[in-house]
Amino acid sequence: MTPTAGITWMTDELLAPAETPVPRGRAQLMVRLLEAQDSAERKQVVRGMLHAIGFEWLAYGRVSMQNDVPVPRMFFSSYAHPDWVGTYFQERLYEVDFRHRDASPSGLPRVWELDEVVHRSTAAGLGRGHQRFAEQLHASGMRSGVFMSLPSAGGAQERTVISLSSSASQRGWIVDSVLGQAVMLALCLHEYLSLRMPEAQPPASEGLSPMQREILRGLAQGQSDKEIAYRLNLSAHTVDYHMRRLRQRFAVRNRVQLVHAAARGSAGLALAGGA
Amino acid sequence: VRVATGGAWIVPAHGTVVYTEEWLQPAIALSACNTSLIRLLHEAGTASERRRLVRGMLAAIGFQWLDYLQVDRCDRACVPVRWFASHSPPQWIERYLRESLFEVDFRHRATQPYGLPLAWELADVGERRLARLMHELGLRSGVFVSLATPGFPDQRTVVSLVSGAPGRGWIDDGVLGRSAMLALSLHEYLAVCCGLPEGI
């Protein structure tokens, strides 16, 4: 696969290490992701779940929609079809991938099948790219799937895209119960990657542990120590300890100053959180 | 109630628009994004039929009630802007708004738009007034889902599925997945197919 200019390429091995604050009341799948000892174990968890639902590949990325055309910003390739990804980006097939435009603003997943893509690619007035898109899907053995486009932090045009694909022909097998499992896998991975992607972390947080970043994020959202402790499933004592360490690190005396100091270092965006 | 019109009214305390099935005006055609629940809701001829469909779906997962609302200004407190009341427990909305319980409702803080659904139980509710009201009304466990709101980037959509079953042990990943799909389907139907009220 040839990296394409302007796109940040990520794999599971490049993720920031997890300090595993396991939140209360979250899916078991998320707990398993957070408790995985290393990248290999995490991949086993995700691939196991993908196959159990009936999918072979999962693509995760961020795009910026410009005049209804997706411009890729980041791609996480660990579970993607390697041949498909290479062609998709080198030949800019994302520009004719109608699933981006069809995706609902509500975040509801869109189910697709190859026959539909082939049918649409032959419509009058469409260029060769559309046919190439259908041909490459066919050549890669991707015949049906679920496509989700979620609003991202950073602007109305920014979307996080999660696509699960299968070699099963026709879409009939993707019933609501399959969709429910697919959505849970997608949301678990989305939450996990949002916490671990280096570019999603504030620059000022270099050297901070994931738990300290989470505490700062909660602080920036106006949460009390008690609320932060609840969300991260920590004791109030542990939160207090990290607060003291953070105040020392940023050389400030209280939580208000800490929020300001951390926000200055992060341009105020990453700490405010978001999808 | 300050103003009322067919199926919608305003609760004065915070200016929240509360509306029910009777207010909805479904779109004529569905988009390519749909699920069996959306198709059934679309085909349903009346408000009572739609109400029965959603209640049946809720009961099949193990829930009795559902709140669907948009909240604003989540930097300080998540103030409800609109509340679809057709499946909410009696007295819940009125007291939640009158007593400004959204200010102390930990579930808003514990979820992010398109983060994972949160499973909760009554024992998790630390705030005394909120816990007392939930106890009085028999709201003992549930799933809280936070989503973005099409057309309103500063507002979050909250879908809260609530049960009288004690403890959250029964809410496994299967229940969470079905809850997430019900939440997304209803959100698509109400926000995209029908449109959200912008004043009444």
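The values are calculated or read from the model by the stated rules, or taken from the named source; none is laboratory data. These numbers come from a predicted model, not from an experiment. We place every Cβ from the backbone using ideal geometry, glycine too, and count neighbours over all the protein chains shown.
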*Given (1) surrounded by fewer than 23 Cβ atoms within 10 Å (Cβ to Cβ); (2) more than 8 Å from chain A (Cβ to nearest Cβ), number of the condition B:Val145 does not satisfy*: (1)
*Got a sec? Which strands (runs of 3 or more DSSP E) wholly within segment B:1-73 have at least 3 residues that are touching a Leu at 6+ places or on another chain (Cβ under 7 Å) and exposed (fewer than 13 other Cβ atoms within 10 Å of the Cβ)?*
none
*Return the pairs, sorted by first residue and then second, in which the second residue is of a type in the set (Gly, Ala, Ser), the first residue lies in segment A:131-150 and is closer than 14 Å to A:Tyr94 by Cα, the beta carbons are less than 6 Å apart, and the residues are 6+ apart or on different chains.*
A:Gln131/A:Ser121; A:Ala134/A:Ser121; A:Phe147/A:Ser163; A:Ser149/A:Ala103
*How many residues, within segment A:21-43, are at the interface with another protein chain (Cβ under 8 Å from one of its Cβ atoms) and either buried (at least 19 other Cβ atoms within 10 Å of the Cβ) or in a loop (DSSP other than H, G, I, E, B) (or both)?*
7
*Looking at B:Leu37, B:Leu53, which is the one that is without any contact (Cβ under 8 Å) to a residue 40 or more places away in the chain, within 14 Å of chain A (Cβ to nearest Cβ) and among the aliphatic types (A, V, I, L, M)?*
B:Leu53
*Restricting segment B:145-200 to residues that are β-branched (Val, Ile, Thr) and within 16 Å of B:Phe84 (Cα to Cα), which is farthest from the chain's Cα centre (by Cα)?*
B:Ile200
*Considering segment B:162-192 alone, what residues qualify as being small (Gly, Ala, Ser) and more than 9 Å from every other protein chain (Cβ to nearest Cβ)?*
B:Ser163, B:Gly164, B:Ala165, B:Gly167, B:Gly169, B:Ala183
*Go through segment B:9-40 and count every residue that is touching a Cys at 6+ places or on another chain (Cβ under 7 Å) and small (Gly, Ala, Ser).*
1
*asked:* Test of understanding: among A:Asp97, A:Asp102, which residue is at the interface with chain B (Cβ under 10 Å from one of its Cβ atoms), closer than 18 Å to A:Pro70 by Cα and free of Cβ contacts under 8 Å to residues at least 60 places away in the same chain?
replied: A:Asp102
_Residue count for segment A:36-94, restricted to those that are of a type in the set (A, V, I, L, M, F, W, C) and over 27 Å from A:Glu158 (Cβ atoms)_ = 5
*Of all residues in segment A:88-110, which are crowded, with 22+ Cβ neighbours inside 10 Å and not small (Gly, Ala, Ser)?*
A:Tyr88, A:Asp97, A:Leu108, A:Pro109
_Selection status of A:Met184, under 25 Å from B:Ile61 (Cβ atoms), within 13 Å of another protein chain (Cβ to nearest Cβ), not in a helix (DSSP H, G or I) and not polar (S, T, N, Q)_ = no
*asked:* Quick check on my filter: what residues within segment B:170-184 are surrounded by 24 or more Cβ atoms within 10 Å (Cβ to Cβ) and over 26 Å from B:Trp9 (Cβ atoms)?
replied: B:Ile171, B:Leu176, B:Gly177, B:Arg178, B:Ser179, B:Ala180, B:Met181, B:Leu184
*Across segment A:72-83, what is the total count of residues that are touching a Leu at 6+ places or on another chain (Cβ under 8 Å) and over 18 Å from A:Ser149 (Cβ atoms)?*
0
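The rows are residues; the columns are (1) surrounded by 20 or more Cβ atoms within 10 Å (Cβ to Cβ); (2) modelled with pLDDT under 95; (3) more than 11 Å from chain A (Cβ to nearest Cβ).
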site	(1), (2), (3)
B:Ala77	no, yes, no
B:Tyr96	yes, no, yes
B:Phe106	yes, yes, no
B:Leu130	yes, no, yes
*Within segment A:29-42, identify whether any single residue is over 27 Å from B:Thr157 (Cα atoms), among the acidic types (Asp, Glu) and touching a residue at least 12 places away in the same chain (Cβ under 8 Å), and answer yes or no.*
yes
*Given A:His260, A:His237, which one is out of contact with any Ser or Thr (no Cβ under 7 Å at 6 or more places or on another chain), farther than 28 Å from A:Asp12 by Cα, part of a helix (DSSP H, G or I) and modelled with pLDDT under 70?*
A:His260
